[in-house]
Amino acid sequence: MEDLEVVAGNGLLHRRAFLRGGAIFAAAMTGYTLSDSLAAQQLADDAWSTRPGTPIPEYGVPSSFEKTVSRTLTNPRGEPRTQHARTPHHLLNGTFTPNALHFVISHSGAPDIDPAKHRLVIHGLVKKPLAFTLDALGRYPMVSRMAFVECGGNSAPLFSNVPVQATAQALHGLVSCAEWTGVMLSTLLEEAGIDPKAKWLIAEGADSLALSRSVPVAKALDDAMIALYQNGERLMPGNGYPMRLLLPGWEGNMNVKWLRRIKLTETPGMSYYETRTYAPILPNGKAYQFYFLQEVKSFITHPSPGLTLNGPGFYEVSGIAYSASGRIAKVMVTADGGKTWAQAALQGPVLPKAFTRFRVPWRWDGGPAILQSRAWDEAGNMQPTRAEVIAQRGQTKAAVTNAAAFPSQHYNGPTSWAIERTGEVKHVYA
Amino acid sequence: MSTPNFIRLVALGALVLGSTASAQNSFDVAQGKPNLGTPISEAEIAAWDISILPDGSGLPPGSGTPSDGARVFATKCAACHGENGKGASAAALVGGAPLTNGIETTKTIANFWPYATTLFDFTRRAMPWPRPRTLTNDEVYALTAYMLSLNKIVGEDAVMNAQTLPKVRMPNRDGFIVRFPERMP
C-alpha cells in the first residue's frame with residue numbers, strides 16, 4: 001500500500017491511484033457500513049437463495065431495503081403553501097437522478113392534467129399564433145440531452161452565519177439531473193414566426209397559480225426545449241407532466257412546468273416570481289433581479305453527514321459538480337480544510353450543463369479531517385470560496401435553525417465536511 | 001450546420017420536391033419542420049391571456065377603490081391573510097422592515113415589489129388560493145387599490161383602473177440590480 005501516491009494532506013491519493021494500485025487497492029477499500037467480522041464468517045445460503053423470488057411488478061420499485069432512499073417533504077399534507085421535495089444526494093451515486101427522487105418545488109401542488117386535453121399556445125409578437133397538442137408535438141424531431149435543474153434557493157442554508165447541521169439532501173437537495181427528451185423551442189418559434197420586435201417570452205403553466213416567468217428570446221433560440229420525457233419516460237407530475245420548459249442551466253423556477261402558454265413580448269412581464277420571490281436581497285438593501293444562471297458549484301456527497309466512516313482506511317471521496325456555463329473543467333478536493341488540494345477524476349462523459357461526478361481515492365488515518373471540493377467550468381469560472389460569496393451577498397445575523405428556510409438564494413460556494421475521530425461527519429465552515 | 005451538409009440538405013429537399021407530386025411542405029419536412037401547429041386567433045386565447053405588463057398592457061376594463069377592496073378582502077382574503085392584511089396562515093400584505101435590516105428581511109409589497117401591475121397580475125391569476133381566477137376584474141382592481149392603500153402607496157380614495165394603475169410608483173422601484181447585464185435583451 002505504501003506505493004500509492006499521496007498527493008495532498010490528510011491522505012488524499014492520486015486520482016488514478018485505483019487504476020495503478022489494481023487488485024491490492026480494491027481489496028483494501030472499505031464501504032461505509034461494512035463490518036470487519038463479515039469476511040471471517042463461513043458462507044452459507046441465505047433464505048432468499050433457497051426458494052423462488054417474488055413476482056416482478058409491472059412498474060418496478062426499489063428493494064424493500066432501500067426505503068430510506070426517499071425525498072424529504074416540507075408540506076406532505078398539501079397545505080396552502082409551497083411544497084419542497086429534496087433529492088437524497090448522499091444516498092445516490094452516478095450522474096442522473098431517478099425520476100421518483102428528482103427534486104420538486106411546487107407552489108400549489110401538481111395539477112392532474114389530461115394529456116389529451118392539454119394545449120401549448122404560442123402567441124403575442126408572432127406572425128401566426130399556434131396551438132399544439134401533445135400528439136402533434138410527438139411527431140416533431142426530438143432531441144435528448146442531460147441537464148441539471150436547480151432551484152435558485154438551493155443551498156440557501158449556507159447563508160446562515162453558523163453552519164446548519166444537516167445532510168447534503170437538506171442543504172443541496174433542490175438540484176437534480178435528468179436526461180430530457182423533447183422538441184427544441186426554436187423549431188416551434190420558427191413555425192410561428194418571431195416578430196423582430198420580440199425580445200422576451202412569458203412562459204406560463206397550467207397549474208392553479210398559472211405560474212409565469214419571463215425568458216429572453218435569445219435563450220429560447222439557444223438551447224430551450226419543450227421537454228416531454230424525463231429519463232426515458234413521460235415527465236413526472238411534479239416535474240411538469242405532460243410538458244415543461246427546459247432552460248438548461250438556468251434558474252429552476254424559469255423552467256416552467258405544466259407549460260401551456262408562451263407569449264412573445266418586447267418587455268418582461270415582471271411577474272411575482274421574478275420580481276419578488278427569486279430576487280435575493282444584498283447587504284446594501286438592493287436586490288438582484290434576473291439572476292438567470294445557476295453558477296458553477298460542487299459539493300461532496302460521499303462521505304457526508306449521515307454516512308459515518310467505519311474506521312480508518314480507504315474511502316472514495318465523490319461528489320457532484322455542474323455549471324450553467326458549460327462543462328466542468330476541473331474539480332479540486334482538500335482533506336485538510338484547504339491547505340493542500342488534490343485534483344479529482346471526472347467521470348465521463350463530461351456533458352455541458354449536466355452533473356459531473358468527481359472522485360478521489362482517500363486513505364483516512366482516523367484523525368480529524370475537513371473535506372471540501374471546488375469546481376471550475378470550461379468558461380473559466382471558478383467556484384468562489386464561502387468568504388467571497390458572503391462578502392458580496394451577506395449572511396444571516398442569527399443562526400438559521402430551519403434547514404428548509406431560504407435566507408437568500410444562489411449560493412454557489414463550497415461545502416465543508418469535518419470528519420471526527422468517531423467517523424461522524426459534521427457540516428463546518430472552513 | 002456546415003456548408004456541405006446544408007448543400008446536401010437542399011439537394012435532398014429538391015429531390016423530394018421533384019419526386020413528390022403534391023407535397024407542398026416537402027422542403028420543410030426535409031428540414032425537420034412538420035408544421036403541425038394549429039392556427040389559433042388571439043380572441044380564442046383571450047381567457048388564457050392574463051399577462052399584465054408594467055406599462056399596463058393587458059389590463060382589462062374595470063375599476064375599484066380601497067373601500068370596495070376592503071369589502072372583498074373581508075369575505076375572500078382575510079381568512080388566510082388576516083384582518084386588514086396583517087397576515088395569518090398566509091403572508092402579511094401590509095408593512096415591512098427596511099431591506100437594509102439584512103438579507104433575510106421578509107419581502108413585502110411596501111418594501112420590495114417594484115411594479116403595482118404585478119399586484120393585479122398575481123392576484124388575478126393566483127388568488128384566492130382555493131379558487132383562482134374567480135374574482136371579477138372590478139374585484140381585482142378593488143383589492144389592488146386596497147393593498148396599495150393599506151401600505152399608504154395610494155390614497156384612501158384612489159381609483160385603480162387600466163389608466164391609473166401603471167402610473168403608481170412603488171417605493172422600491174429602483175431597488176434592483178440586474179445580475180448578468182450581458183444576458184439581458
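Readers should treat all values here as calculations from the given coordinates under stated rules, not as data from a laboratory. Just so it is clear, the structure is predicted and the values come from calculations on it, not from any experiment. We place every Cβ from the backbone using ideal geometry, glycine too, and count neighbours over all the protein chains shown.
Can you give the mean number of other chain Cβ atoms that lie within 10 Å of the Cβ atoms in peptide A:268-280? Please list the in-between numbers first.
On the way: counts 4, 9, 10, 8, 8, 2, 1, 12, 8, 1, 0, 8, 3.
Averaged over the peptide's residues, the number is 6.
Longer than 26 Å from Cα to Cα, which of A:Lys297/A:Lys339; A:Lys257/B:Lys76; A:Lys397/A:Lys426; A:Lys67/A:Lys397 are they? Say none if no pair is. Could the numbers behind the result be given before it?
Numbers: A:Lys297/A:Lys339 20 Å; A:Lys257/B:Lys76 28 Å; A:Lys397/A:Lys426 22 Å; A:Lys67/A:Lys397 38 Å.
Check vs 26 Å cut-off fails for A:Lys257/B:Lys76; A:Lys67/A:Lys397.
Which one, A:Ala203, A:Leu158, A:Ala170, is farthest towards the positive end of the dipole of the range A:155-244 when Lys and Arg carry +1 and Asp and Glu -1 on their Cβ?
Checking the options against the dipole of the range A:155-244, the answer is A:Leu158.
Please compute the net charge surrounding A:Ala8, taking Lys and Arg as +1 and Asp and Glu as -1 over other residues with Cβ under 12 Å from its Cβ. Intermediate results must be reported in sequence, preceding the final value.
On the way: positive: A:Arg15, A:Lys339, A:Arg363; negative: A:Glu5, A:Asp336.
With Lys, Arg at +1 and Asp, Glu at -1, the net is +1.
Over chain A, what is the mean sequence separation of C-alpha contacts under 8 Å (at least six apart), divided by residue count, expressed as relative contact order in percent? Numbers along the way, then the final one.
On the way: 1024 pairs, mean separation 84.8, N = 430.
Relative contact order of chain A: 20 percent.
Using the count of nearby Cβ atoms within 10 Å as a rough guide to exposure, how do A:His118, B:His81 rank from fewest to most? Write out the running numbers ahead of the final one.
On the way: A:His118 19, B:His81 23.
Least to most surrounded, the residues fall as A:His118, B:His81.
Placing unit charges on C-beta atoms (Lys and Arg positive, Asp and Glu negative, everything else neutral), compute the dipole magnitude of the range B:83-157 about its Cα centre in debye, rounded to 20. Walk me through the intermediate numbers first.
Values: 7 positive and 7 negative charges, 53 e Å.
For this selection, approximately 260 debye.
Starting with the fewest neighbours, write out B:Ser41, A:Ser176, B:Ser149 ranked by other beta-carbon atoms found within 10 Å of each beta-carbon. Please report the intermediate quantities before stating the final value.
Values: B:Ser41 9, A:Ser176 30, B:Ser149 21.
Fewest-to-most ranking of B:Ser41, A:Ser176, B:Ser149: B:Ser41, B:Ser149, A:Ser176.
Assuming R0 = 51 Å, what is the FRET efficiency of A:Glu420 and B:Met184, from their Cβ-Cβ distance, to the nearest 0.05? Don't jump to the answer; show the numbers that get you there.
Values: r = 47 Å, r/R0 = 0.92.
Efficiency at R0 = 51 Å is approximately 0.60.
Work from the charge dipole of the protein assembly as shown (Cβ charges, +1 for Lys and Arg, -1 for Asp and Glu, about the Cα centre) and give the residue of A:Val350, A:Pro283, A:Ser49 farthest towards its positive end.
Ranked along the dipole, the leading option is A:Pro283.
When Cβ neighbours within 10 Å are restricted to other protein chains, what is their mean count per residue of peptide A:258-265? The partial results should precede the final answer.
Working: counts 0, 0, 1, 5, 0, 7, 0, 4.
Per-residue shielding by partner chains comes out at 2.
Given R₀ = 45 Å, FRET efficiency for B:Ala46-A:Ala100 by Cβ-Cβ distance, to 0.05? List each step's numbers first, then the result.
Values: r = 39 Å, r/R0 = 0.86.
Rounded to the nearest 0.05, the efficiency is 0.70.
Is the shape of the range A:297-428 best called rounded, prolate or oblate, per the rule: a/c under 1.5 gives rounded, else a/b larger than b/c gives prolate, else oblate, with a ≥ b ≥ c the square roots of the Cα gyration tensor eigenvalues?
On the way: a/c = 1.88, a/b = 1.10, b/c = 1.71.
Oblate shape, in that a/c is at least 1.5 and b/c is the bigger or equal ratio.
Report the charge-dipole magnitude of the range B:45-170 in Debye, nearest 20, computed about the Cα centre from +1 at each Lys and Arg Cβ and -1 at each Asp and Glu Cβ.
Details: 11 positive and 10 negative charges, 38 e Å.
It comes to approximately 180 debye.
Nothing charged except the Cβ atoms of Lys and Arg (+1) and of Asp and Glu (-1): what's the magnitude of the dipole of the range A:286-387 about its Cα centre? Round to the nearest 20 debye.
Working: 11 positive and 6 negative charges, 38 e Å.
Its charge dipole is roughly 180 debye.
Could you compute the net charge surrounding A:Ala287? Neighbours are other residues with a C-beta less than 14 Å from the C-beta of A:Ala287; K and R count +1, D and E count -1.
Numbers: positive: A:Arg276, A:Lys286, A:Arg393, B:Lys107, B:Arg173, B:Arg179; negative: A:Glu274, B:Glu104, B:Asp174.
Around A:Ala287, the surrounding residues sum to +3.
Of A:Phe292, A:Phe355, A:Phe148, which is the most mobile in a GNM of chain A whose springs link Cα atoms less than 10 angstrom apart?
The residue with the greatest mean-square fluctuation here is A:Phe292.
Along the charge dipole of the protein assembly as shown, which of A:Gly394, A:Ala405, A:Ala227 sits closest to the positive end, that is, farthest toward it, with unit charges on the beta carbon of Lys, Arg, Asp and Glu (+1, +1, -1, -1)?
A:Gly394
Taking K and R as +1 and D and E as -1, what net charge do the other residues with C-beta under 14 Å from the C-beta of A:Arg234 add up to?
Numbers: positive: A:Arg244, A:Lys257; negative: A:Asp112, A:Asp114, A:Asp135, A:Glu179, A:Glu233.
The answer is -3.
If I build a Gaussian network model for chain A, linking alpha-carbon pairs within less than 10 angstrom, which residue out of A:Glu378, A:Glu66, A:Glu190 has the largest mean-square fluctuation?
Checking each option, the largest mean-square fluctuation is seen for A:Glu66.
Which percent of Cα-Cα pairs in chain A sits in each 10 Å bin, short to long?
The distribution over chain A is 4, 20, 29, 24, 15, 7, 2, 0, given as percents.
Tell me which lysines have Cα within less than 18 Å of A:Lys263's Cα, excluding those fewer than 8 residues away on the same chain?
Within reach: A:Lys127, A:Lys128, A:Lys197, A:Lys199, A:Lys219.
Would you list A:Arg374, A:Arg51, A:Arg363, A:Arg81 from fewest to most Cβ contacts within 10 Å? Walk me through the intermediate numbers first.
On the way: A:Arg374 22, A:Arg51 6, A:Arg363 19, A:Arg81 14.
Lowest to highest Cβ neighbour count: A:Arg51, A:Arg81, A:Arg363, A:Arg374.
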